[in-house]
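Okay, structure first, notes after.
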Amino acid sequence: MEDPEGLGEVDARDEFGQVGSSVAGSVVCPECGSAEQIPVVFGYPSPEMWEASERGEIGIGGCVIFEGQPDVQCRNCSTQYNTKTGKSSSIHWD
């Protein structure tokens, strides 16, 4: 399978000892293994952001920006994680 971003196979353990692995250039969920993801949006959530979150279009990341923050949320189990490191966040906003 082609790897357009050059990420190769990822073997990153999160704080729970779970391992993420590369699927089509992105990391699968370190909690449940699903490859279905939605983007995590940061900033003070507007009513429109909450509505989009309720529809399953985005994950709410909160107002605090930090290095290595999650960039996607699993559609299956709502775990937020970073696709470059495979590390999940212990914070769940929904």
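Here's the yes/no breakdown for (1) of a type outside the set (D, E, K, R); (2) modelled with pLDDT of 90 or more:
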| site | (1), (2) |
| --- | --- |
| G25 | yes, no |
| V28 | yes, no |
| I38 | yes, yes |
| G43 | yes, yes |
| E57 | no, yes |
| V64 | yes, no |
| R75 | no, yes |
| Q80 | yes, yes |
| G86 | yes, no |
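Exactly one condition in (1) among the acidic types (D, E); (2) surrounded by 14 or more Cβ atoms within 10 Å (Cβ to Cβ); (3) without any contact (Cβ under 8 Å) to a residue 40 or more places away in the chain is false for E48; which is it?
The single condition E48 does not satisfy is (2).
So E51 passes all but one of these: (1) at pLDDT 95 or above; (2) touching a Cys at 6+ places or on another chain (Cβ under 7 Å). Which condition number does it fail?
(2)
Filter the range 39-66 down to the residues that are in a loop (DSSP other than H, G, I, E, B) and closer than 20 Å to V28 by Cα and list them by number. Spell out how you get there, then give the answer.
Within the range 39-66, the first condition is being in a loop (DSSP other than H, G, I, E, B), and the residues that meet it are 43-46, 55-58, 63-66.
Listed by number, the residues that qualify are G56, E57, I58.
The values are calculated or read from the model by the stated rules, or taken from the named source; none is laboratory data. Here the structure is a predicted model, which is why all the values come from computation and not from measurement. All Cβ positions, even for glycine, are placed from backbone atoms using ideal geometry, and neighbour counts span all protein chains on display.
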